[in-house]
Amino acid sequence: MSHYRFSLRGLLLGTTLIALGLSVILEEPQFVLMKTGKQCDFAIAGDGFFVLLDEESAELLHTRSGTFTLDADGRFVLQHGQASYPLEPPIHFPTASAEIAVSTSGEVRAYSHSAWSRTGQFLLASNMNGVPLTKPQSIERYTEKSFRTTSKCPGDGGMGYVLQGWLEVPRSISWSRFIALLCFAFALGRWLCPKLL
């Protein structure tokens, strides 16, 4: 009888270790920054949201997705399905722009006609009500009651920084850590219950 009680204790200990390991893995940040090297990809390192304009409804939209392109008018826009949402405030580029550079503080410069010129400034929205976006790739509409924002330059007043050539992407679960934890739990169980394992 004591043999089974001892085995149950080992089983409970192993299960507890696995549960603790899973909780550590799942509590890590769910999104990470990935370098793309593309001049129209942007990530926010820290707090803040990109602000977009729905030109049909005149509503402001918020997102952390930074997969921008340039439209025919030379504006940064975010494609979402069939819709195209320009960055707010709009940043325009001369059509002859060969290169775009954005500093971490959001200053936008374009190289055109053998010279660099300042063409605009990224502003980030801060969520003053603490309502989270469901995922970085989403574009969400909020009412003033659920999402009250203030716009600031990146790096000002606790806002994050803009990283050109980077995107925020979902983090994959660390299965190697989980497997290592399973092996540890198995070894511990074998040590505690040598007759069963």
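The values are calculated or read from the model by the stated rules, or taken from the named source; none is laboratory data. What you see is a predicted model; the values in this text were computed from it and never measured. Positions of Cβ are backbone-derived with ideal geometry, glycine not excepted, and every protein chain shown enters the neighbour counts.
I'd like to verify a number: residues in segment 105-116 that are of a type in the set (S, T, N, Q) and modelled with pLDDT of 90 or more, how many?
The initial filter retains those residues of segment 105-116 that are of a type in the set (S, T, N, Q), namely 105, 112, 114.
Now drop any that are not modelled with pLDDT of 90 or more, which leaves 105.
Result for segment 105-116: 1.
Per the listing 144, 168, the residue uniquely charged (D, E, K, R), at pLDDT below 90 and in contact with a Leu (Cβ under 9 Å, 6 or more places away or on another chain) is 168.
From the list 84, 57, 103, the lone residue that is within 18 Å of residue 164 (Cα to Cα) and hydroxyl-bearing (Ser, Thr, Tyr) is 103. If you go through segment 43-59 and keep only what is in contact (Cβ under 8 Å) with a residue 40 or more places away in the chain and farther than 18 Å from residue 105 by Cα, you end up with 52, 54, 59. Only one entry of 65, 105 meets the criterion of being closer than 20 Å to residue 34 by Cβ and under 20 Å from the mean Cα position of the chain (by Cα), and that entry is 65.
Among the residues of segment 62-83, count how many are surrounded by 15 or more Cβ atoms within 10 Å (Cβ to Cβ) and polar (S, T, N, Q).
Our first condition is that a residue be surrounded by 15 or more Cβ atoms within 10 Å (Cβ to Cβ); within segment 62-83, this holds for 62-68, 70, 74-78, 80.
Checking the rest, the ones that are also polar (S, T, N, Q) come to 63, 65, 67.
Final tally of qualifying residues: 3.
Of all residues in segment 90-104, those that are out of contact with any Gly (no Cβ under 6 Å at 6 or more places or on another chain), modelled with pLDDT under 90 and not polar (S, T, N, Q) total 4. For segment 39-61, indicate whether the set of residues that are surrounded by 15 or more Cβ atoms within 10 Å (Cβ to Cβ), modelled with pLDDT of 90 or more, in contact with a Leu (Cβ under 6 Å, 6 or more places away or on another chain) and among the aromatic types (Phe, Trp, Tyr) is non-empty. No, the conditions are met nowhere in segment 39-61.
Taking segment 21-38 as the range and being modelled with pLDDT under 65 and either of a type in the set (A, V, I, L, M, F, W, C) or loosely packed, with under 11 Cβ neighbours inside 10 Å (or both) as the test, the residues that pass are 22, 23, 24, 25, 26, 27, 29.
Where residues in segment 118-141 are surrounded by fewer than 13 Cβ atoms within 10 Å (Cβ to Cβ) and touching a Lys or Arg at 6+ places or on another chain (Cβ under 9 Å), which of them is modelled with the highest pLDDT? Among those that are surrounded by fewer than 13 Cβ atoms within 10 Å (Cβ to Cβ) and touching a Lys or Arg at 6+ places or on another chain (Cβ under 9 Å), it is 118.
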